[in-house]
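Once you've had a glance at the structure underneath, I'll fire off some questions.
Coordinate-derived values only; no laboratory data. Quick caveat: nothing in here was measured; it's all calculated off a predicted structure. Neighbour counts are summed over all protein chains in view; Cβ atoms, including those assigned to glycine, are modelled from backbone coordinates with ideal geometry.
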Amino acid sequence: MSHQPNWDASTTEETIHLSDEALLDERCAFLQLTSEDVERVRALKPIFEAVNRAFVDQFYAHLLQFSATAFFLRDERLVERLKAAQLQYFVSLFDARMDGSRVAERRRIGDRHAAAGIEPAWFLGAFNQYIQLAFQQVRDVPPEARGSFEAGLASLMKHILLDIGLTLDSYYARSTMDLRQALALYTQSNTELREFARMASHDLKTPLATISGFCEEFIDEFGQTVPVEARQLIEAALNRTRHMKGMIDELLSMSEAAAQPSQRQRVKLRTLVDEVLERIRLDFDTEPIQFEIQETMPDLLTHPARLREVLYHLISNAVKFMDKSPGRIWVSAHGEGQQVQLAVGDNGPGISDADQQRIFAPFRRLKQHEHLPGHGLGLYMVRQIVEEQGGRIWCTSRLQEGTAFHIILPQ
Ligand code: HEM
């Protein structure tokens with residue numbers, strides 16, 4: 001063994017893979033597993049050959065006692081096959097082969113276990129049986145040979161740990177692969193869903209415009225001649241179509257914004273908050289509200305237009321739903337390591353625990369807000385934007401006392 005990792009020439013663009021031999025060298029160096037250990041383990045072969053078969057029977061008796069492991073051993077023929085495979089494994093342990101085929105075989109064990117759904121904890125726990133057996137053998141060794149046997153056991157432990165490491169590699173490789181597949185599927189369906197929302201919104205806009213056009217025409221032409229109740233009905237229909245148009249516009253701008261690649265810039269958070277407050281003062285009556293904005297705020301690398309939307313939604317919601325006079329709305333931000341923690345709080349009506357779980361879902365409007373304008377997409381969009389920027393949002397609230405939205409963004 002050279003203990004010098006040599007790099008496989010067949011490297012991909014993203015990762016550099018060690019060849020199986022180089023990996024083995026690296027692991028052996030770390031375990032301090034030397035050629036002496038190999039010789040000592042080979043010397044133990046005759047002793048263990050005599051007990052391996054009985055051990056395998058005892059091993060399966062142990063696995064069958066626990067429902068978590070017995071579950072995988074319901075088929076007797078499978079158990080017989082496994083016993084043979086395991087016997088072969090334990091015999092091969094004492095051959096102490098130190099080449100790429102050992103790595104491949106151990107990986108295969110991990111791969112088979114992972115595919116069958118046997119968790120690493122059971123695999124590791126099961127090895128304990130063999131370790132106990134190994135130590136029991138000391139009793140049968142004459143005192144004068146005990147020293148070298150114990151040295152052999154220490155070497156055997158290194159071999160077992162080497163195998164466990166190699167087997168776990170493939171367990172994790174499989175779970176990483178499963179995660180990657182799930183992520184790819186999630187990304188794909190997310191993109192498809194956004195595209196669907198974009199197309200559906202587009203298609204809905206035209207008939208909706210026609211309906212409201214008919215309603216307007218009806219009111220213009222016949223508004224004065226039909227009974228008041230009839231005009232009121234048409235006006236109500238017109239109002240509903242306008243509301244629906246607002247919803248569709250929001251959906252459209254959301255899916256279109258998501259389709260554009262986000263360009264990050266260094267942004268002065270305090271300037272962004274001031275801009276948003278200016279817009280809010282134009283849109284709402286903010287007379288009875290005191291704004292407390294933290295004097296200095298950290299800079300941030302982000303997409304300014306989208307973060308502006310987030311702040312606008314959170315602050316304007318606080319203004320819209322304010323039920324105290326004077327109302328108080330505060331905005332604070334702190335840099336912590338590589339992150340910025342931003343908070344928008346108010347002393348408004350608060351949100352119940354149950355509602356806190358639901359407010360970020362699309363089209364969820366709180367009962368008490370139904371009389372106020374809105375389509376139930378604002379907070380959903382806020383969460384989408386924050387997550388798209390690699391951040392996280394949550395809220396804390398107490399009924400009657402107020403709400404705070406907390407956002408963590410990478411700096
Ligand atoms: C000392 C720990 C263990 C060792 C050394 C070991 C060894 C092996 C080996 C050599 C194979 C054959 C792999 C191949 O097809 O090449 C195998 C497969 C299998 N092992 Fe284990 N095993 C261990 C623990 C366990 C435990 C705790 C269970 C739980 C029930 C288990 C259940 C299985 C099953 C169900 C398969 C067959 C998977 C398949 O191919 O369908 N093993 N194991």
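Mind giving me the FRET efficiency for residue 336 and residue 81? R0 is 56 Å, r the Cβ-Cβ distance, nearest 0.05 is fine.
E(calc), rounded to 0.05, equals 0.50.
Still on this structure, please answer the following. Can you give me the long-range amide H partners of residue 348? Hydrogens built in the peptide plane at 1.01 Å from N, cutoff under 5 Å, separation of 5 or more residues or another chain.
Correct list: 403.
Please report, in whole Å, how far the alpha carbons of segment 20-187 spread along each principal axis, starting with the longest.
For segment 20-187, the Cα extents along the three principal axes come out at 66, 39, 21 Å.
Right, something else. At a threshold of 8 angstrom on Cα-Cα distance, excluding pairs fewer than six apart, so keeping six or more, what relative contact order does segment 265-410 reach in percent?
Reported relative contact order: 24 percent.
What value, in deg cm²/dmol to 500, does the helix sum -39500 (n - 2.57) over DSSP H runs of n ≥ 4 give at 222 nm once divided by the residues of the chain?
-21500 deg cm²/dmol
Can you give the relative contact order of segment 20-187 as a percent, counting alpha carbon pairs under 8 Å and 6+ residues apart?
Reported relative contact order: 38 percent.
Under a point spin-label approximation (7 Å from Cα along Cα-to-Cβ), what is the residue 325-residue 285 distance to one decimal in nm?
It works out to 0.9 nm between the two label points.
Cα extents of segment 120-226 along the three principal axes, largest first, in whole Å?
118, 22, 11 Å, listed from the longest principal axis down.
Suppose the chain between residue 355 and residue 305 were pulled fully straight at 0.36 nm per residue; how much longer would it get relative to their current alpha carbon spacing?
15.2 nm
Using label points projected 7 Å from each Cα along Cα→Cβ, tell me how many nm separate residue 135 and residue 184, to one decimal.
My value for the distance between the label points is 4.6 nm.
Checking a compactness column here: for segment 224-349, what do you get for Rg(Cα) / (2.2 N^0.38 Å), N being the number of residues?
Working it through for segment 224-349, the quotient is 1.41.
Related question: Restricting to Cα pairs below 8 Å that are 6+ residues apart, what does the relative contact order work out to for the chain? Please round to a whole percent.
Reported relative contact order: 11 percent.
List the lysines whose Cα lies under 25 Å from the Cα of residue 45, skipping any in the same chain that are fewer than 8 positions away.
83, 158
May I ask you to derive the FRET efficiency for residue 64 and residue 91 from their Cβ-Cβ distance with R0 = 30 Å, giving the value to the nearest 0.05?
Numbers: r = 23 Å, r/R0 = 0.75.
So the FRET efficiency works out to roughly 0.85.
Oh, and also: Can you bin the chain into rounded, prolate or oblate? Criterion: square roots of the alpha carbon gyration tensor eigenvalues sorted a ≥ b ≥ c, rounded for a/c under 1.5, prolate for a/b above b/c, oblate for the rest.
Verdict is prolate for the chain.
Placing unit charges on C-beta atoms (Lys and Arg positive, Asp and Glu negative, everything else neutral), compute the dipole magnitude of segment 265-410 about its Cα centre in debye, rounded to 20.
The calculated dipole for segment 265-410 is roughly 320 debye.
Please give the contour-minus-distance gain from residue 116 to residue 74: 0.36 nm per residue of separation, less the Cα-Cα distance, rounded to one decimal in nm.
Extending this stretch completely gives an extra 13.8 nm.
So between residue 229 and residue 35, what do we pick up on full extension, going 0.36 nm a residue minus the alpha carbon distance?
Contour length minus Cα-Cα distance gives 60.0 nm.
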